[in-house]
Amino acid sequence: MTTTAELMDYAEVVERYDPVLGLEVHVELSTNTKMFCGCPNSFGGDPNTHVCPVCLGLPGALPVVNGTAVESAIRIGLALNCDIAEWCRFARKNYFYPDMPKNFQTSQYDEPIAFDGYIDVVLDDGEVVRVDIERAHMEEDTGKSLHVGGATGRIHGAEHSLLDYNRAGVPLIEIVTKPITGMGERAPEVARAYVTALRDLLRAMDVSDVRMDQGSLRCDANVSLMPKGASEFGTRTETKNVNSLRSVERAVRHEMTRHAAILADGGSIKQETRHFQEADGTTAAGRTKETAEDYRYFPEPDLVPIAPTREWVEQLRATIPEMPWERRKRIQDDWNLTDEELRDLVNTGAIDLVAATVDAGATQADARSWWVQYLNQQATSRETELADLAITPAQVARVIELVGSGELTNKLARQVVDGVLDGEGDPDQVIEKRGLKVVSDDSALLAAVDEALAAQPDVADKIRGGKVQAAGAIVGAVMKATKGQADAARVRELILERVGA
Amino acid sequence: MSDLTRLTAAELADKIHTGEVSAAETTQAHLDRIAAVDGDVHAFLHVDAEGALEAARAVDADIAAGTAPASPLAGVPLALKDVLTTKGVPTTCGSKTLEGWLPPYDATVTRRLREAGVPILGKTNMDEFAMGSSTENSAYGPTRNPWDLGRIPGGSGGGSSASLAAYEAPLAIGTDTGGSIRQPAAVTATVGVKPTYGGVSRYGLVAFSSSLDQAGPCGRTVLDAALLHEVIAGHDPMDATSVDAPVPAVVDAARQGARGDLSGVKVGVVREFSGEGYQGGVLRSFETAVAQLKELGAEVVEVSCPNFTYALPAYYLIAPSECSSNLARFDAMRYGLRVADDGSHSAEEVMSLTREEGFGAEVKRRVMLGTYALSSGYYDAYYGSAQKVRTLITRDFAAAFEQVDVLVSPTTPVTPFKLGEKVDDPLAMYLNDICSIPANLAGNAAMSVPSGLSEEDGLPVGLQIMAPALADDRLYRVGAAYEAARGPVLDKLGELEASK
Ligand SMILES: [Zn+2]
C-alpha cells in the first residue's frame, strides 16, 4: 500500500514519533603510509600505483601495524573521552568482494582500542548536547570499484568493472555512537552538529584531512522511530553515501519522514542499507540480501595484540589540543564577542586567522573586521577558502598597523591587500610598487581643498553657515582629486579651518 | 651417480670454500641427479636450472676473487618447498589455482637463501596448500618415497624430504603446520626441524594456518639442518609474529651433541604417545632410541601431558578456520586461475566457479569445516573451545619443561603407507600427525631425526624431540648426539630402480 514516495509532514512526524539515531563515522587517517604496509597513503594517483604485495593481498604477504595509526587512534579515543584498551586485537571480517584484496577486512571486533566516551556538541542556538560514544576502532579501507556500463553505476547490471587498490589498506578509524535518543525534532540538526564537531576536532588534531567530498570522512546514519513515549526502539535503516554535512541532516530528516509514513500506514520498516541521493535529498534501497551476512570474525593471527602502556597513553593525552568548541567559548569570553559576532567568526572559518593576526600585533576588532568582511568577500569572489587566500595574518596585521598610523586610508589599505592577494609581494612592496602613499603634505592638500571650495561656493557657504556635515561633498572632491591618497580626516580638518567654521 | 650428491651439505661447503670443487659443478651434479631420478620420485614441481647455476657461478666468482663466502652454506644447492614465493619463478602451492603464477616478490626465507649464496634447484611438490600427510593432495600428482616408490613420502612436504632421500638435493626447506616437515622426515629417514613459532619469518610463506605455520630446515644430517637453520632464522620486520630475539646457537649445539655426551640432560618420554594405533616396530624403534639416550648419559623420565589427547581435534578446528579465511583471496580477481570469464557470469559467479575448479577435495573440505566452525552461533563451541584446548596444551608443555629439558616421542605412529591407501579416509590420514601437532599448537620447537627401520617392514621410523620455545638448540644437541650413536640410516637405502 505504502510507497517509498510517500512522506509524512515533518511536524506530524515529531508529534507522533521519537527518533533514535546511531551514527557511524569512518575517518581516513592522514598517516604517511598505509595501515599495514609501507605504501604511500595519498588521495588519488594513477590506479594501482600505490600498491605492494601486502595491500594487494598477494599470497604469502603479511601485515605489519602502522604505529602512527595506532597513536592517532588512541589520541582520537582520548579526545572523545574514551577509555583506552589495555590490550586489544585486530580481527578478520570475512566476506567476498572484488575490491577487498584478501576477501577479509582487517578490523577490530569485540576488542576496540577505544570505548565508552562522549562528545559535547554545540547546536546553532548554543544548546549543548552530549553524544555518547560506543567505540572507536581501527581498520583498513577497501579498494575502489568502477562499474562500467549498466544504468546504475553499481555492480549489478554493469558490463565490466575496474578495480583500483590505491585506497586498499588506508588506515581508517570507525567511530560509533551509542543510540542518540530524546532529540525530537532536533534529531537531524544533532546529527549534522555531531559530524561537524567530529570534523572540527579531527582537523584540530591534525590526524585526518576530514574531507567529506573526498571520502576521508564518511558518515553512515542509522535512523529508527518509535511511537512517542515508547521505550523499545523501532527497526532501523542505515543510510550510506552521505557526502556532506548538509546531507547528514537531510538524510536523517528524510528517513524520519519516510519511516513515519510507513509506520502510520500500518507497515513495517525493512532493516536495510539505503543510499542517500544528493540530487533530490531522498534515499533509495540498496541491494537486499536474502540472508544476513555472517562475517565469521576471529582474531587476526598475523598480528600481535596491541597493549598500549599507560605511560604512553598519558603522553598522548598531553598532546590533545583544546577542543574547538571550548576554544570558541574561551575566545568569545576573551574577546568579549556577542553570539552573533562569534557565529560570523566560526562560519567564515576565521578564528585561527584572526587569532594569528592578533598575535602579530593587531587589535582583535580590526583583525576580525578584515577577515570576516573584506577578506571573506575576496575568498568568495576568488572561489577559495579564507585560509587558502594568498595573504598571511602577519601581512594583514601590517596593513592594520599602517592604517592605524595614518599611512594608509581604509580604501588604500584594501588596494594594498588586493596587491598582496594578486601576488605582488608583501604590503610594503605593494605600496612601493603601486605608489600608494597617503598624501600628508598639508600644502599640497590645501591647494586641493581651495580648488574644491572654489568650485562649489554654495557648499562652502553652507559650511560657513554651520552645516558642518555638508563638508562631506568637499572631502569627496578632494579625495577624488588626490586619487584617494589623502587622509580623509585631515582633509575634513583643513576644510573646516579654511572656511573658518 | 656422482659422489658429490652423496656428500653432506657441511662436506660440500668445505670442498667448495676450499676450492676443491666448484659450486657450479656441485649444482650441476644435483641437476643431473634430478634429471635422472625425478621422473620416478617426482619431488620437484619446477626445476630452475638456470637460476641455480647462476647463483652457483656467483659463489664461484667470489671464491676466485678471494672474497669470503656469503655464508657457511654458500654454493650448496637446495630444494625449496613450493609454498614459499620466489620472484619470477613459479609458485603453485601444489594447487591448480596458482598454476602459472609468477610471484613479484621473494619470501624472506628465499631472500635469505639468495643472500647466503645458496643456489635454489627448484620448487618441491607438496599437498595442496600444505594440507595433507602424503603429497597425494598435490594437483600435480604425488611424490614417491625413495624407500619404496609405491609408498608415500609424507606430507605436506613430501617433495622436500624425498629430494633429500633421493640425493637430488643436500638441503631442503619445508613448512610445518601440523607436522609437514617432521612426518616426511620420519618416513624418508631424513632430518626435519620445525623451529620455534616466529623463529623463521613467514613473509612469503603462502598461509595455510597463520598461527601454526612455520618454515624450517631439512637435511640428511642434524648438522646440515643446523647450518641451514642459522641461514634462514632471525627477526623479520615484515612479519609481525616474528620473534625479536637472537637465533639460538644451533650449529654449536649440533657440534657439541655430536661429541656424544648427554650427561646432565633430562629427557621426558610423553606417556600419551604410545599404545593403540602405534605400529609395533615404531614403538620398539622408539624404545631402542630411548635406551640409546640413556647410554649417552641423559636422565630419562616419563611425563604426562594429558591434554595432548585433544590436540588433534583442536587442530582440526583451528587450522581449517584460519585456512577458510587465508584461502579466500584465491578468487580469480588479481592472479591465478580464472574460469567462466566469458562475460556471461557475474563477478561473484566467476569467484565461485574458479574456486570450485581450482581447489582440490581436501582444501574444499577444510575450507568448509573452517567456515562452519567460525560461523555465528558455532564460534564459541568450535573455534573458541579449540583455543582453550590450545592453552591447556601450552600449559602441559610448560609443566613438562619444568621437569625435563626435552620431550621425546615417535614422530609418527606408523611407517609410510602405500599410495592410495588412505586417500578416502581423511580421519586415518589425520592420525599421522597425532604426535607432531602439539608442538604447533603451543609454538615450541621440534625435530624429527631418523631412528632406524621398523622391524616388520624395513621402513624408516623417526624420533621426535621437542624443546621449549626459543630453545631450539636443545633439539640439535640431543639430535646430533643420538644421530652419532645410532649411525646412519639412509645408507641402508639401496639405489633407486631408475638410476641403477
Ligand atoms: Zn602496500
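The values are calculated or read from the model by the stated rules, or taken from the named source; none is laboratory data. This is a predicted model, so every value here is computed, not measured. Cβ: placed from backbone, ideal geometry, glycine included. Neighbour counts: every protein chain shown. Please note that ligands, DNA and RNA were not included when accessible areas were found on the heavy atoms of the full protein model with its side chains. Shrake-Rupley method; radii C 1.70, N 1.55, O 1.52, S 1.80 Å.
Once every DSSP H run of n ≥ 4 in chain A is given -39500 (n - 2.57) and the sum is divided by its residues, what mean residue ellipticity at 222 nm do you get, rounded to the nearest 500 deg cm²/dmol?
-11500 deg cm²/dmol
Annotation: aspartates and glutamates with alpha-carbon distance below 16 angstrom to B:Lys294 (same-chain offsets under eight excluded): B:Asp261, B:Glu302, B:Asp405, B:Glu483.
Roughly how big is segment A:442-499's charge dipole about its Cα centre, with Cβ charges of +1 (Lys, Arg) and -1 (Asp, Glu), in debye to the nearest 20? Let's see the in-between values first.
On the way: 8 positive and 8 negative charges, 38 e Å.
About 180 debye.
Can you figure out the FRET efficiency of A:Arg211 with A:Val148, using R₀ = 35 Å and their beta-carbon distance, to the nearest 0.05? Numbers along the way, then the final one.
Details: r = 26 Å, r/R0 = 0.74.
So the FRET efficiency works out to roughly 0.85.
Here the label points at B:Ala428 and B:Glu356, each 7 Å from Cα along the C-beta direction, are separated by 3.1 nm in the simple model.
Straight Cα distances below 23 angstrom link A:Lys144 to the lysines A:Lys34, A:Lys93, A:Lys102, A:Lys240, A:Lys289, with same-chain residues fewer than 8 positions distant left out. Spatially, segment A:166-202 and segment A:309-339 are offset by 20 Å when compared through their Cα centroids. Could you pull out the pairs from A:Lys437/A:Lys480; A:Lys437/A:Lys483; B:Lys194/B:Lys418; B:Lys123/B:Lys422; B:Lys422/B:Lys492; B:Lys96/B:Lys364 whose alpha carbons sit more than 20 Å apart here? In this structure, B:Lys194/B:Lys418; B:Lys123/B:Lys422; B:Lys422/B:Lys492 exceed 20 Å between Cα atoms. Stretched out straight at 0.36 nm per residue, the stretch from A:Arg310 to A:Asp9 would grow longer than its current Cα-Cα span by 103.2 nm.
Only the Cβ atoms of Lys and Arg (+1) and of Asp and Glu (-1) were treated as charged; on that basis the dipole of chain A about its Cα centre amounts to roughly 580 debye.
Within the shell of other residues whose beta carbon sits under 12 angstrom from the beta carbon of B:Val300, the net charge comes to -3, with Lys and Arg scored +1 and Asp and Glu -1. Contact order, relative form, for chain B: 17 percent (alpha carbon pairs under 8 Å, 6 or more residues apart, mean separation divided by residue count).
Among B:Ile434, B:Val222, A:Tyr194, which residue has its Cα positioned farthest towards the positive end of the charge dipole of the protein assembly as shown, with +1 placed on the Cβ of Lys and Arg, -1 on the Cβ of Asp and Glu, and the dipole taken about the Cα centre? Toward the positive end, the furthest listed residue is B:Ile434.
What the phi angles of segment B:401-418 give under the Karplus curve with 6.51, -1.76 and 1.60, with θ = phi - 60°, is a coupling list of 6, 6, 9, 9, 8, 9, 10, 10, 6, x, 6, 10, x, 9, 7, x, 8, 7 Hz, glycine and proline written as x.
With protein chains left intact and a 1.4 Å probe, residues in segment A:324-434 average 52 Å² of accessible area per residue. Summing Cβ point charges (Lys, Arg +1; Asp, Glu -1) relative to the Cα centre of the protein assembly as shown gives a dipole of roughly 140 debye. On association of chains A and B, roughly 2700 Å² of accessible area becomes buried (total for both chains; probe 1.4 Å).
Contact with the other protein chains removes 10 Å² or more of accessible area, compared with the isolated chain and a 1.4 Å probe, from these residues of segment A:29-70: A:Pro53, A:Val54, A:Leu56, A:Gly57, A:Leu58, A:Pro59, A:Gly60, A:Ala61, A:Leu62, A:Val64. Would you give the gap between the C-alpha center of segment A:48-121 and the C-alpha center of segment A:352-382, rounded to a whole Å? With segment A:48-121 and segment A:352-382 each reduced to a Cα centre, they are spaced 40 Å.
Shielding by partners for B:440-449, please: the mean number of other protein chain Cβ atoms within 10 Å of each residue's Cβ. Don't jump to the answer; show the numbers that get you there.
Numbers: counts 0, 0, 0, 0, 0, 0, 0, 0, 0, 0.
Partner Cβ neighbours, averaged per residue: 0.
Using DSSP to define loop residues, name the GluC sites (Glu not before Pro) in segment A:294-392 whose beta-carbon has at most 13 other beta-carbon atoms within 10 Å. For GluC sites (Glu not before Pro) across segment A:294-392 that sit outside H, G, I, E and B with at most 13 neighbouring Cβ atoms in 10 Å, the list reads A:Glu322, A:Glu383, A:Glu385. Split the accessible area of segment A:142-230 by element, probe 1.4 Å, and carbon with sulfur accounts for 50%.
The residues of segment A:21-236 expose on average 38 square angstrom of accessible surface per residue, using a 1.4 Å probe on protein heavy atoms. Could you check the spin-label model distance between B:Ser385 and B:Lys294? Points 7 Å from the Cα along Cα→Cβ, value in nm. Modelled inter-label distance: 4.0 nm.
Per DSSP H run of at least 4 residues, take -39500 (n - 2.57); add these up for chain B, divide by its residues and hand me the 222 nm value, nearest 500 deg cm²/dmol.
On the way: 16 runs with 190 residues, N = 500.
About -12000 deg cm²/dmol.
Taking 7 Å steps out from each Cα toward its Cβ at A:Asp116 and A:Thr384 produces label points 4.9 nm apart. Taking trypsin sites (Lys or Arg not before Pro) as exposed when their DSSP state is a loop state and no more than 15 other Cβ atoms lie within 10 Å, the longest site-free interval of chain A runs over A:1-153. Applying the criteria of a DSSP loop state and at most 11 other Cβ atoms within 10 Å to the trypsin sites (Lys or Arg not before Pro) of segment B:1-36 yields no site. Rounded to the nearest 0.05, the FRET efficiency derived from the C-beta distance between A:Glu326 and A:Lys228 at R0 = 30 Å is 0.30.
The mean sequence distance of close C-alpha pairs (under 8 Å, at least 6 residues apart), as a share of the length of chain A, puts its relative contact order at 14 percent. Per-residue Karplus couplings for segment B:385-391, computed as 6.51 cos²θ - 1.76 cosθ + 1.60 with θ equal to phi - 60°, are listed in order as 5, 4, 5, 5, 4, 4, 4 Hz, Gly and Pro entered as x.
Normalised by the residues of segment A:442-499, what does the relative contact order come to in percent, with Cα pairs under 8 Å and at least six apart?
On the way: 48 pairs, mean separation 23.0, N = 58.
Contact order relative to length: 40 percent.
Taking amide H as placed 1.01 Å from N in the peptide plane, the amide H of B:Asn444 sits under 5 Å from that of B:Tyr197, each at least 5 places away or on another chain. Applying 1/(1 + (r/R0)^6) with r as the Cβ-Cβ distance of B:Leu102 and B:Thr309 and R0 = 41 angstrom yields a FRET efficiency of 0.40.
Here the Kirkwood formula, the inverse mean of 1/r across different C-alpha pairs, assigns the protein assembly as shown a hydrodynamic radius of 33.4 Å. Computed 3J(HN,Hα) for segment B:210-221, one whole-Hz value per residue from the Karplus formula 6.51 cos²θ - 1.76 cosθ + 1.60 where θ = phi - 60°, is 4, 7, 10, 4, 8, 7, x, x, 10, x, 8, 10, glycine and proline marked x. Surface analysis of chain B yields an accessible area of 33 Å² per residue, using protein heavy atoms and a 1.4 Å probe. Scanning residues 5 or more positions from B:Asp48 or on other chains, those with amide H under 5 Å from its amide H are B:Gly122, B:Lys123, with H placed 1.01 Å from N in the peptide plane.
Among the GluC sites (Glu not before Pro) in segment B:206-299, those placed in a DSSP loop whose Cβ has at most 14 other Cβ atoms within 10 Å are B:Glu276.
In this structure, the amide hydrogen of A:Thr239, modeled 1.01 Å from its nitrogen in the peptide plane, lies closer than 5 angstrom to those of A:Ala221, A:Asn222, A:Val223, A:Arg274, counting only residues at least 5 positions away or on a different chain.
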